[in-house]
Amino acid sequence: MEAKSSKGRSRAETHMQSAFCIRHLLKIQQDLVTATGDEIQYRTDPLIWYIATRGEQWDVYAGFVEVGQNITRYVVVELWSGNIRHRDAALQLLLVVDYIFDWARDGYREAILGQLGSLSIGNIGHSDPDIFSNISRRLSHISNQNEFSPHPTEYSQTSFRTEKSDEELTFLNISLSEGVIRDAAIIESRFILIRVTENDVNDFLSSFQSEHDARSWVSAALECLESSWKVSSGTLISIESTWTGIYGQEHEDYQYHSTFYLNISLSMFMTDHWEPVRQLACLAVSEGALDILATKSGSMATFGYDANPEVESSSIESVLQRTLNQSIMDNLTAAVSMLSLSSFFYKRSQRIDNHLRVNQSRGMATGFRVDRSPRVAQLVHYVYSNHGFGQENLPVTYLSFSRSLTRNKVQYRGTTIEMWPQLPRLVLESGQQGVLVDGASHNTDLPSCGLFVFSGLLDYQSLCRLVDRVFQEGIYFKTLQLGRKFLSSDDFRYLNQPLKFKREWKDEIEPGFSMRWRKKVGKYDG
C-alpha cells in the first residue's frame, strides 16, 4: 500500500516508487512455486494486491506473473478506482478489501503453508500464528456446541436444539411418516476412540466374546496400524476437544505411554431419522501394548512400525478445523454422499491433495484419502457394539465417546474453497432454499425422505410452496441412512458418491405421495 497526500506527486511517480517492491514480492512467490514443483497438487500462482491513495482518491491494483518462452513479465492491472468521499465508492472499497482479506485467510494462506510444508524438513504446524478472525470462529464454534449440546441418558433420544423460538423450532423439525423437514445448518459431531495401553491389554482382550474373535480383531488392527501415525498422548485429547469441544480424561498411566500409534477414520452420513452426522473414529495403541498384542496374536515382530511418521497435534488440528469450518452446503453434500476418509502416509513422491494434507517432512507425506473400505471405523464400531454404542461415561478406560450439536453459520462458500472436490454438489446456487433427499432404507417404520431447509422461509405457506417446488422439479438425491449400525460390505457401493435422479418423484410408483406430504405439512400452520 502506498499513500500520498492529494497535493503530492503524480500517480505515475507513485507507481514507479512501488514497482520494485511489487516485483520483489512476486519473485519470492514465483521462486516458491518453482521450488515445490509437482509436490503441490493445487498451486497458488503469484499474486499481489496493491492499493495506492492520493488523498481521497483510492486505486486498487493486482500484480501477477506472466511466464513466456524467453521472458518473465511482472504485470500490474487496475481493478478499481474511486473517491471515498462518495458513499457508494467507500462501500465498494470496503467490499473489495473484505474480499481480499477473505481470500488471504481462506485460500492463499493455506496454499502457502502447504508449499512451505512440502519443503520443510520438520513440522511447521506449530509456527503458524493464530489469526484473529479464525480465533473468533473457534470461539463461536465452541459456544455453539455448549449451547446446542443435549445430554440425554439414552442415545436414541437425541434431539436437535437451536437458537430459534419454540414456534420456529417446530417449524424446522417436522417429522411425518412420509418424510421429515430439518434445519440444514444443524449437524452432530461424534468422537469415538479405542485407546489401548499395556495396562489395558488383558481387560481389552477379555471383552471379546471368544478368543477367536479377539485374535481376528487384533490381526486386522495390526494390519491397519501399519499405516498409522505416531502421536503423543496429549494429541488424543486435543483431537477430541477440537472435534466435539469436549476434553477427554487423561488417565494416570498416560505418562508411561507417551507414544501411540494412531489411525483415524472420518465418516459423514445421515441417521435413520435424517440427522446429519460427522463421525471421527480413532484407533490408538501405545508402543508397549502394540508389542503385547502382536505376541498374543502370534503376529510378526512390530519393529517395522518404528519407521511410521511422527505427527504433531497442531498439524492434525489444522485439517480437522478446516473440516469443521465447511459450509452448510458442503456438510450436507458430504453427509448425503456418505463421505469416508482415512488417515495414511505416503513417501514423498506421492501426492496428497493440499486440503487433506496433514504434514510433509522427512521424506514422508501424511494426510487423509478417500476410502471405500473404512476398516478402522469397522474395527472401532465392533468393539463399541459390545460395550453399548453411544453411551457416555463408559466403565472402561480404553473407550472414549463424546458428541455435540453445532449450528453452521456459513451457508455457501462458492466453488473456490472445497474440501470435497470429488463429490458432486447437492446445491449449485447460493439462493437455493432447500434440497430433497430420498432414503435407500426399506424400513417402513422410518420416514422415507428428508427435506433440508437452508434459509429464507418465514412461514408455513412458504414451506408448503417449497415442498411443491421440489416435487415439481423432480430432482432429488438418494442416500443410505445409518442408525447405530455401521456399514456392511454390501453398503460400500454407496460410499463417496450420491445417487442423483432427474425424474418425477415417487408418484410414479406411489400415486399421491407428494400431495399427502404437502397436506400434512400444511396442517402445522396455526
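Could you give every pair whose Cβ atoms fall below 6 Å, whose first residue belongs to region 290-307 and is in the same structural domain as Ser227 (by TED's automatic domain parsing), and whose second residue is at pLDDT below 85 and not in a helix (DSSP H, G or I), counting only separations of at least 6 or pairs across chains?
Final answer for the pair search is Leu290/Thr302; Asp291/Thr302; Ala294/Thr302.
Being surrounded by fewer than 11 Cβ atoms within 10 Å (Cβ to Cβ) and of a type in the set (S, T, N, Q) is the filter; apply it to region 68-111 and report the residue that is modelled with the lowest pLDDT.
Gln69
As an exercise: evaluate Trp517 against (1) buried (at least 18 other Cβ atoms within 10 Å of the Cβ); (2) at pLDDT 75 or above; (3) closer than 30 Å to Ala281 by Cβ; (4) not polar (S, T, N, Q) and give the number of the one condition it does not meet.
That leaves (3) as the condition not met.
Hydrophobic (A, V, I, L, M, F, W, C) and modelled with pLDDT of 80 or more - does that describe any residue in region 491-499?
No, region 491-499 has no match at all.
Would you point out the residue of region 166-203, among those that are modelled with pLDDT under 85, in contact with a strand residue (DSSP E or B) (Cβ under 9 Å, 6 or more places away or on another chain) and part of a loop (DSSP other than H, G, I, E, B), that is surrounded by the most Cβ atoms within 10 Å (Cβ to Cβ)?
If we take residues in region 166-203 being modelled with pLDDT under 85, in contact with a strand residue (DSSP E or B) (Cβ under 9 Å, 6 or more places away or on another chain) and part of a loop (DSSP other than H, G, I, E, B), then Gly179 is surrounded by the most Cβ atoms within 10 Å (Cβ to Cβ).
Provide a single number: the residues in region 41-67 that are modelled with pLDDT of 85 or more and assigned to a strand (DSSP E or B).
Counting residues in region 41-67 that are modelled with pLDDT of 85 or more and assigned to a strand (DSSP E or B) gives 17.
What are the pairs, 6+ residues apart or on separate chains, where a residue within region 467-481 that is more than 15 Å from Val453 (Cα to Cα) has its Cβ under 8 Å from a residue that is part of a helix (DSSP H, G or I) and modelled with pLDDT under 75?
Thr479/Tyr494; Leu480/Asp491; Leu480/Tyr494
Considering only helices (runs of 4 or more DSSP H) fully contained in region 280-347, which possess at least 2 residues that are under 18 Å from Gln360 (Cβ atoms)?
In region 280-347, the matching helices (runs of 4 or more DSSP H) lie at 313-324.
Would you be able to say whether some residue in region 115-129 is assigned to a helix (DSSP H, G or I), among the charged types (D, E, K, R) and either within 25 Å of Ile22 (Cα to Cα) or modelled with pLDDT under 85 (or both)?
No: region 115-129 contains no residue that is assigned to a helix (DSSP H, G or I), among the charged types (D, E, K, R) and either within 25 Å of Ile22 (Cα to Cα) or modelled with pLDDT under 85 (or both).
The values are calculated or read from the model by the stated rules, or taken from the named source; none is laboratory data. Computed from a predicted model, the values in this text were never measured in an experiment. Note that we place each Cβ from the backbone using ideal geometry, even for glycine, and neighbour counts take in every protein chain shown.
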